[in-house]
Amino acid sequence: MTQLSPTSVKDALQSTAPIEAIRVQGWVRTRRDSKDFSFIELNDGSSLRNLQIIAKKETLPNYADIQRLSTGASISVNGALVPSQGKGQKWELVADNIDIVGTADDSYPLQKKGHTPEFLREIAHLRPRSNLFGCVFRVRSRLGFAVHQFFQERGFVYIHTPIITGSDCEGAGELFRVSTIDLNNPPRKDGEIDYAQDFFARQTYLTVSGQLEAEAFALALSKVYTFGPTFRAENSNTSRHASEFWMIEPEMAFCDLNGNMDLAEEFVKYLIADARKHCPEEMELFAKVVDKELLARLDFVLDRPFQRITYSDAVDLLKKSGEKFEFPIDYGLNLQSEHERWLTEKHFRCPVTVFNFPKEIKPFYMRVNDDGKAVAAMDLLVPGIGEIVGGSQREERLEVLEENMRRHNMDPADYKWYLDLRRYGTVPHSGFGLGFERILMFITGAPNIRDVIPFARTPGSAEF
Ligand code: 4AD
Ligand code: MG
């Protein structure tokens, strides 16, 4: 190989002038032969589009080997970028030299087009080489960047909250235990396993949320956000739940529920607009192969204000809807996904923020409203998916928070540090969590969360 530094396929395709000497590297998508030529479609994942390579029999000493190249093989090509003779592309690369880096035989699973997403999930290690998943993961990367841009532009400080924690923030008991205790011979005290002898000298888990720790930082740095992996041992095998997912959790001091809802809505719109602007090629592919309505739906969401409704008004609407739901709906019950979808898809036909939920169905940290019944909670729902954001104003009054904890069968003594935040310089504060995969599903149109995570972890499945 020569020392010429490689150009990406994307940059080559976007060139404004011919280039005499260029090197590209990638994987063969297809190859076909004509009389004294071989045409190779090369892709390196930098773009949806391939670069056409012209391999000429007369100039390439290894032409016989090149003729045996099949889909999936990797090559490095030196040559000249010239205006394409063929239709459909501006440039093509006439090869001076082709190094075969790695061959692939007929057993390569991505031979033909049109594999089902289910099949591609079984080859999650190869699916990023497909058009669709290349697009999905380029959009995921771009939006990860946009998350930081959104908050950094607004003066938020990025906080790395711990992944190993001792608290169950959401109180749902969906925790993965972190332990080095010998399962075959655990230390015991009074018949029970003695976690005082475990690695951290206490029970620890993978975090279900960085919120509690983010609150401590918001009550010092005013505006913070987290963006990291989150773990839930929820045994729900749905298209929208993963056991390991990424969550973005902003937290703001001196902010009430209204300010919180404003930020959540602005954030969702920002991410949609960013993908529309920076990933046009990818968005068009999703519209073509995943969901014909996608772009119209996203643009509609961008153009209009979101709806807001209290939980009790939403329950009234649902009860009066005349719709036959599988799950019962009444004040005090959780909204099920079918209810959320009725609100966003049938009734409002746009994203809806539901707020002021009954305190019985929400975690201990949410602020109790003046009526003593509801808490200042909010869920942002979008058509096709349901909840993508959950948040609240936090209880900043020490006595009320202690009372909430007791009501949730928690011992305030276990949360001394969290209560200290109310003991010393407490302020009203709010925040929310946005499920990164949920918004990716909404933006890419992917109907299953497994298709927006590189390697999904779900109940019964942790391959790769
Ligand atoms: O509504 P949740 O449980 O809220 C919290 O964890 C709060 N501590 C957030 C906060 O106020 N800082 O989760 C927030 C979001 C959900 O709206 C959903 O988008 C996503 O996280 N989420 C999941 N995404 C994928 N798989 C799962 N199992 C998820 N559980 C929640
Ligand atoms: Mg929630």
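What the table below lists for this structure:
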item	result
In segment 303-317, the residues that are assigned to a helix (DSSP H, G or I), modelled with pLDDT of 95 or more and of a type outside the set (Phe, Trp, Tyr)	312, 313, 314, 315, 316, 317
Residue match in segment 404-424 (condition: over 22 Å from residue 166 (Cβ atoms), at pLDDT 95 or above and either among the β-branched types (Val, Ile, Thr) or touching a helix residue (DSSP H, G or I) at 6+ places or on another chain (Cβ under 9 Å) (or both))	no
Which listed residue is touching a His at 6+ places or on another chain (Cβ under 6 Å) and under 29 Å from residue 27 (Cα atoms), from 142, 121	142
Number of positions in segment 163-180 that are on the phi < 0 side of the Ramachandran plot and within 14 Å of ligand 1 (Cβ to nearest atom)	9
Looking only at segment 176-203, and only at residues there that are in contact (Cβ under 8 Å) with a residue 24 or more places away in the chain and part of a strand (DSSP E or B), the one that is surrounded by the most Cβ atoms within 10 Å (Cβ to Cβ)	178
Candidates 23, 31, 49 - the one that is at pLDDT 95 or above, assigned to a loop (DSSP other than H, G, I, E, B) and not small (Gly, Ala, Ser)	49
Enumeration of residues in segment 163-215 that are of a type in the set (Gly, Ala, Ser) and modelled with pLDDT of 95 or more	179, 196, 201, 209, 210, 214
Residue 410 vs. criteria within 16 Å of ligand 1 (Cβ to nearest atom) and surrounded by 18 or more Cβ atoms within 10 Å (Cβ to Cβ)	no
Members of segment 349-372 found to be over 13 Å from residue 407 (Cβ atoms) and either at pLDDT 95 or above or surrounded by 17 or more Cβ atoms within 10 Å (Cβ to Cβ) (or both), listed by number	350, 351, 352, 353, 354, 355, 356, 357, 367, 369, 370, 371
Top-ranked residue of segment 318-327 - restricted to ones that are out of contact with any Asp or Glu (no Cβ under 9 Å at 6 or more places or on another chain) and either assigned to a strand (DSSP E or B) or charged (D, E, K, R) (or both), ranked as surrounded by the most Cβ atoms within 10 Å (Cβ to Cβ)	320
Residues of segment 160-213 satisfying the condition of being touching an Asp or Glu at 6+ places or on another chain (Cβ under 7 Å), among the β-branched types (Val, Ile, Thr) and closer than 27 Å to residue 393 by Cα	161, 208
Selection status of residue 267, within 15 Å of ligand 1 (Cβ to nearest atom) and assigned to a strand (DSSP E or B)	no
Test result for residue 238, β-branched (Val, Ile, Thr), near ligand 1 (Cβ under 10 Å from one of its atoms) and either buried (at least 22 other Cβ atoms within 10 Å of the Cβ) or closer than 20 Å to residue 166 by Cβ (or both)	no
Residue 16 vs. criteria over 21 Å from residue 104 (Cβ atoms), at pLDDT 95 or above and part of a loop (DSSP other than H, G, I, E, B)	yes
Residues being closer than 28 Å to residue 391 by Cα and either of a type in the set (Lys, Arg) or touching a residue at least 12 places away in the same chain (Cβ under 8 Å) (or both) - total across segment 279-304	9
Any hit, segment 115-123, residues being under 33 Å from the mean Cα position of the chain (by Cα), part of a strand (DSSP E or B) and modelled with pLDDT of 95 or more	no
Residue list for segment 49-68, filter: over 14 Å from residue 12 (Cβ atoms) and crowded, with 20+ Cβ neighbours inside 10 Å	55, 66
Residue list for segment 209-235, filter: touching a residue at least 12 places away in the same chain (Cβ under 8 Å), farther than 20 Å from residue 146 by Cβ and more than 11 Å from ligand 1 (Cβ to nearest atom)	216, 217, 219, 221, 222
Selected residue (criterion: surrounded by the fewest Cβ atoms within 10 Å (Cβ to Cβ)) from residues of segment 140-152 that are more than 16 Å from ligand 1 (Cβ to nearest atom) and small (Gly, Ala, Ser)	141
Options 173, 155: the member that is in contact with a Lys or Arg (Cβ under 9 Å, 6 or more places away or on another chain) and exposed (fewer than 12 other Cβ atoms within 10 Å of the Cβ)	155
Selection count where residues are assigned to a helix (DSSP H, G or I) and either under 18 Å from residue 357 (Cβ atoms) or within 16 Å of ligand 1 (Cβ to nearest atom) (or both), scope segment 413-430	3
Identity of the residue in segment 385-407, within 16 Å of ligand 1 (Cβ to nearest atom) and free of Cβ contacts under 8 Å to residues at least 60 places away in the same chain, that ends up surrounded by the fewest Cβ atoms within 10 Å (Cβ to Cβ)	387
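The values are calculated or read from the model by the stated rules, or taken from the named source; none is laboratory data. Keep in mind that what you see is a predicted model, and the values were worked out from it rather than measured. So basically every Cβ, Gly included, is an ideal-geometry build from the backbone, and we count neighbours across all protein chains shown.
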